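Take a look at the structure set out below.
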Amino acid sequence: PGKALFFAQNITQKMKKKERRSQGWFGKTGKDGLIYRSWFRKQGIPTHELTGSKPIIGICNTWSELTPCNSHFRELAEFVKKGILEAGGYPVEFPVMSLGETVMKPTAMLYRNLASMDTEESIRANPLDGVVLLCGCDKTTPSLVMGAASVNLPTIVVSGGPMLTGRYRGAEISTSDIWRFSEDSRSGKISQEDLYVAESGLCRSDGHCGVMGTASTMACMVESLGLSLPGNAAIPAPDTGRKILAHMSGMEIVKMVENDLKLSDILTREAFENAIMVNAAIGGSTNFVIHLLAIAGRMGVELDLEDFDKYSAGIPLLANLQPSGKYFMEDFYYAGGLPPVIRQLKDKLHNGALTVTGQSIGKNNEKFENYNKEVIAAIDEPFNPLSGIVVLKGNLCETGSIIKPSAASPELMKHTGKAVVFEDIDDYKNKIDDPDLDIDENSIMVLKNVGPRGYPGMPEVGNMGLPPKVLAKGIKDMVRISDGRMSGTGFGTVILHATPEAAEGGNFAVVQTGDEIELDVEARKLNLLVSDEELTKRKAAWKKPASPTERGYVSLYVKTVEQANLGADLDFLKGNSGSEVTKDSH
Ligand code: FES
Ligand code: MG
């Protein structure tokens, strides 16, 4: 009884200090406090851990055996916990919906916004003072950052890290090679047996895709936004450095809570512009566009599709990494990772932008060296002057479409050709291998109804495989246009995110086989050479496709998803509801 009295006094004393958010639960007396504390004690957590001297730090974990890129996150979380405990916080780990890029049907992108809602509500509803987001595979990063942004607590990101470089018969390979293997097998150059060999050496360690695909792009995005410790993006998942970074991030979040350093202090317009510039220098994924727009939307920061073109311009490609270049994330790490890229951009970036360290991005990165100029080029001798994301407009995509010039063929950047239109993915699959399909290398392949509403979910099919008869001539690229996305590991002269998407009407919905299309990347133009009268006539005959379902999340998604040029978030999720919850549960 004496001890209980001591705890009671202790609790009352702590409550007199400036209350932590978590004390809105654990600091209560009476019935509510009894309930909130006793169930935590049940887990072996002594009451003194909960009474306000320590911040309660949530570790938001996307571990799942259905998300193989994040399969090491239970172990990683233990290192975050050590750091939190060392710095005087108390860690509590919790799961949120995890999105496995490779297995989820019809596409993990359909669920990004759902996972963001899970994250947002899980953070807000619980007794947390700060949050560590454990993200890895493509969609797990934007979904967690979007959700956390709508709550705005002190938040830090720990990425899972890329996997080690793969091997195929002695050669180095990565997920980018999937597209090459696929075309080689479709044209009969390699056998199913070869594909089995590739399969056994492609993904040979913990971690996400080991090139500058979407997952690594997202890890670089959080680092350049200032949401992670410097160096977060490149450390391979199996490297000891990843565990150390997790530990240090655990220490950092406790400091952030003490200093009340919130996401809104970090995610400013300057931070978003920095991220766009860094993304250009690394040859980041086209998916960067849609995710950054969605995060900005949650923060209430004005960011337009045009900003990606505007702030990429004049930034050369420094990272010689697949799919725009030659090397792998493992090599990028050995060369120094993202910090020497950021340091080299110091004349362009907003160096004063605040980061999770409480220091500016300029200060964080001022001392890092580049150990390999073959992998990270010097800014005065860039790997490729073409970089970033170009935004194309014209009557084929009135509100914009995008192309990644560094992953495209220079000779196709200005090209006029006849459209070969596939009305949807099934139409494409049914026709593409047909030797009678009227198509050659000068044709422009157009794939409709793979946008957010049309599919639904906007899958990564924009880099559609070429027809076998074109591949047989040794041709590896053609102009391809769709309202869908492309894997961050993909490449080619691929125009993506055409808006308004086909399912919304607009000219993209009525383009027909045989129409002439004119692409001019330098002039930022994508035009359908068909008269306005003809287009008006076609549009009058066009019928909006019905929603595939009237129930569940998918029906909500189809009704409320915005177009790709706005970030493809659900319209009612834009903005921030803060962290306050005024009502108790009992
Ligand atoms: Fe998870 Fe590529 S499949 S990052
Ligand atoms: Mg992907």
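FYI, it's all coordinate maths here, none of it is from the lab. Nothing here was measured: the structure is a model prediction, and the numbers come from that model. Cβ: placed from backbone, ideal geometry, glycine included. Neighbour counts: every protein chain shown.
Side notes on the structure shown:
- FRET efficiency estimate (nearest 0.05) - Cβ-Cβ, D571 to N430, R0 41 angstrom: 0.75
- Taking only the Cα atoms of segment 425-542, the ratio Rg/Rh comes out at 0.95, with Rh defined as the Kirkwood radius.
- For S182 and I35, the difference between the fully extended length at 0.36 nm per residue and the C-alpha to C-alpha distance is 47.2 nm.
- Pair S409, Y196: separation of 7 Å Cα→Cβ label points (nm): 3.4 nm
- GluC sites (Glu not before Pro) within segment 263-358, DSSP loop, no more than 14 other Cβ atoms inside 10 Å: E302
- Here the contact order of segment 57-105, divided by its residue count and restricted to Cα pairs under 8 Å and six or more residues apart, works out to 53 percent.
- Stretch gain in nm, segment E398-K42, where the contour uses 0.36 nm per residue and the Cα spacing is subtracted: 122.3 nm
- Histogram of C-alpha separations across segment 325-414, 5 Å bin width, %: 3, 12, 16, 17, 17, 14, 11, 7, 3, 0
- For I59, the amide hydrogen comes within under 5 Å of the amide hydrogens of V92, E93, F94, V132, counting only partners 5 or more places away or on other chains and with H modelled in the peptide plane.
- Projecting label points 7 angstrom from Cα along Cα→Cβ for D438 and S585 puts them 6.4 nm apart.
- Those Cys residues of the chain for which no other cysteine Cβ falls under 4.7 Å: C60, C135, C203, C209, C220, C397
- Each residue of segment 61-75 was assigned a 3J(HN,Hα) from its phi angle through the Karplus expression (A = 6.51, B = -1.76, C = 1.60, θ = phi - 60°), giving 10, 9, 4, 6, 6, 8, 10, x, 5, 10, 6, 9, 6, 5, 5 Hz with x at Gly and Pro.
- Calculated on the alpha-carbon coordinates, the convex hull of segment 483-537 measures out at 104 cubic angstrom per residue.
- Applying D = kT/(6 pi eta Rh) to segment 54-157, where Rh is the Kirkwood radius over alpha-carbon pairs, T corresponds to 4 °C and eta to 1.567 mPa s, the Stokes-Einstein value obtained is 96 µm²/s.
- Relative to the compact-globule estimate of 2.2 N^0.38 Å, the Cα radius of gyration of segment 149-295 comes out at 1.25.
- Exposed loop sites were defined as chymotrypsin sites (Phe, Trp or Tyr not before Pro) in DSSP loop states (anything but H, G, I, E or B) carrying at most 14 other C-beta atoms within 10 Å; in the chain the longest segment without such a site runs 1-370.
- Rg/Rg_ref, the chain, where Rg_ref = 2.2 N^0.38 Å and atoms are Cα: 1.00
- Cα-based convex hull, segment 191-275, per residue volume (Å³, whole number): 102 Å³
- Cα gyration tensor shape for segment 74-127, rounded if a/c is under 1.5, else prolate or oblate: oblate
- Under the Karplus curve 6.51 cos²θ - 1.76 cosθ + 1.60, θ = phi - 60°, whole-Hz ³J(HN,Hα) for segment 144-151, x wherever Gly or Pro sits: 6, 5, 4, x, 5, 4, 6, 9
- Under the shape rule built on the C-alpha gyration tensor, where the axes satisfy a ≥ b ≥ c, segment 334-481 is prolate, since a/c reaches at least 1.5 and a/b is greater than b/c.
- For segment 93-227, the Kirkwood estimate of the hydrodynamic radius, built from every pair of different alpha carbons, is 16.4 Å.
- Segment 206-360 shape via C-alpha gyration tensor axes, a/c threshold 1.5: oblate
- For the chain, averaging the sequence separation of C-alpha pairs within contact (under 8 Å, six or more residues apart) and dividing by the residue count gives a relative contact order of 14 percent.
- Segment 281-404 - percent relative contact order, Cα under 8 Å, separation 6 or more: 33 percent
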